[in-house]
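Trainee: Below: one structure in structure tokens.
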Amino acid sequence: DLRKWWKENGASILIGIALGVIAIFGWRYWSSHRDAQAEIASRAYDAFVAAAEKPDADQARQRGQALTTDFPQSPYATLAALRLAKLALDGGDHAAASQQLEWAIGNARLDELRDIARLRLARVKFAAGQTAEAEKLLEGVTTASLNAEREELKGDLYLAGKNPDAARTAYAA
């Protein structure tokens, strides 16, 4: 009976065991690969931060662009885009700053980072006189910890639009 059962089910059992072993090793390989990529992205971000703190911003821009290109799904890429936007603003390049912030909004996996990028882009738009676009961006900010900054910028927008009552209400909020 055992031999008969083994003839009927032996191949299925061996295939199941083989598939289980392959799945385990495949999962371990994938996890190892993902961890290695995260480590490489972390090192690249550290190198970018070190370059950004030096007076030569060109090297920082190159490292930041490489980070956003090579690891676009990494949170480090979003952080690099936020920092690249700051470097662009420090250099007076509002268009490049807007581009970096829009990239961060489109590629950030964390809602908090996306909302930080929206706030910063709204400030850039406000500084450029594009108040309607800035207001639209502020509507998308939903992170509770950023409410104070959002309301402050709304107050600035209302004040620039000659609406002091709405500005006062936003500042109070």
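The values are calculated or read from the model by the stated rules, or taken from the named source; none is laboratory data. On a predicted model such as this, the values are computed, not experimentally measured, just so you know. As a convention, Cβ positions derive from the backbone with ideal geometry for all residues, glycine included, and neighbour counts pool all protein chains shown. Heads up: the accessible areas ignore ligands, DNA and RNA and are worked out on the full protein's heavy atoms, side chains in. Shrake-Rupley method; radii C 1.70, N 1.55, O 1.52, S 1.80 Å.
Trainee: How many Lys pairs in region 7-144 lie less than 26 angstrom apart by Cα atoms, where the lysines are 8 or more positions apart or on different chains? Mind showing how you got there, number by number?
Mentor: Values: LYS54/LYS86; LYS86/LYS125; LYS86/LYS136; LYS125/LYS136.
Eligible lysine pairs with Cα atoms under 26 Å apart amount to 4.
Trainee: Further question on the same structure: Before anything else, pin down the relative contact order of region 120-161: Cα pairs under 8 Å, at least 6 apart, normalised by residue count, whole percent. The partial results should precede the final answer.
Mentor: On the way: 20 pairs, mean separation 15.2, N = 42.
Taking the mean separation of contacting Cα pairs over the length of region 120-161, I get 36 percent.
Trainee: Run the numbers on the chain and let me know its relative contact order in percent, using alpha-carbon pairs under 8 Å that are six or more apart. Show your work: numbers first, answer last.
Mentor: Working: 157 pairs, mean separation 18.4, N = 173.
Value for the chain: 11 percent.
Trainee: With labels modelled as points extended 7 Å from the Cα through the Cβ direction, what inter-label distance (nm, one decimal) is found for ALA66 paired with ILE17?
Mentor: 4.9 nm
Trainee: Can you give the accessible area per residue of region 1-93, in Å², using a 1.4 Å probe?
Mentor: Numbers: 6570 Å² over 93 residues.
Here the per-residue accessible area is 71 Å².
Trainee: First measure r as the distance between the Cβ atoms of LYS54 and THR131, then evaluate 1/(1 + (r/R0)^6) with R0 = 45 Å and state the FRET efficiency to the nearest 0.05. Walk me through the intermediate numbers first.
Mentor: Working: r = 36 Å, r/R0 = 0.79.
The calculated FRET efficiency here is 0.80.
Trainee: Run through region 83-152 and list the trypsin sites (Lys or Arg not before Pro) located in a DSSP loop whose Cβ has at most 14 other Cβ atoms within 10 Å.
Mentor: Numbers: sites: ARG83, LYS86, ARG109, ARG114, ARG118, ARG120, ARG123, LYS125, LYS136, ARG150; in loops: ARG109.
Those that pass, being in a loop and sparsely packed, are ARG109.
Trainee: Please work out the FRET efficiency for the pair ALA173 and LEU110, using the Cβ-Cβ distance as r and a Förster radius of 25 Å; give the result to the nearest 0.05.
Mentor: Working: r = 25 Å, r/R0 = 0.99.
That gives a FRET efficiency of 0.50.
Trainee: On full extension of the chain, what length is gained from ALA95 through TRP27, given 0.36 nm per residue of separation minus the C-alpha to C-alpha distance? Intermediate values should be presented prior to the final figure.
Mentor: Details: separation 68, 0.36 × 68 = 24.48 nm, distance 4.32 nm.
Contour length minus the Cα-Cα distance gives 20.2 nm.
Trainee: So for each of 7-13, 68-74 I average, over its residues, the number of other beta carbons within 10 Å; can you give me the resulting order with the highest mean first? Write out the running numbers ahead of the final one.
Mentor: On the way: 7-13: 9.9, 68-74: 15.7.
The most tightly packed comes first, giving 68-74, 7-13.
Trainee: Just add up the charged neighbours of ALA108: K/R +1, D/E -1, any other residue whose Cβ is under 13 Å from the Cβ of ALA108. Show your work: numbers first, answer last.
Mentor: Details: positive: ARG109, ARG114, ARG118, ARG120; negative: GLU102, ASP111, GLU112, ASP115.
For residues surrounding ALA108, the net value is 0.
Trainee: Between GLU8 and ALA47, 0.36 nm times their residue separation minus their Cα-Cα distance comes to what?
Mentor: Details: separation 39, 0.36 × 39 = 14.04 nm, distance 6.03 nm.
Result: 8.0 nm gained on full extension.
Trainee: Another question, then. Which of the following values of Kirkwood radius over Cα pairs in Å was calculated from the structure shown: (1) 16.4; (2) 19.4; (3) 17.3?
Mentor: (2)
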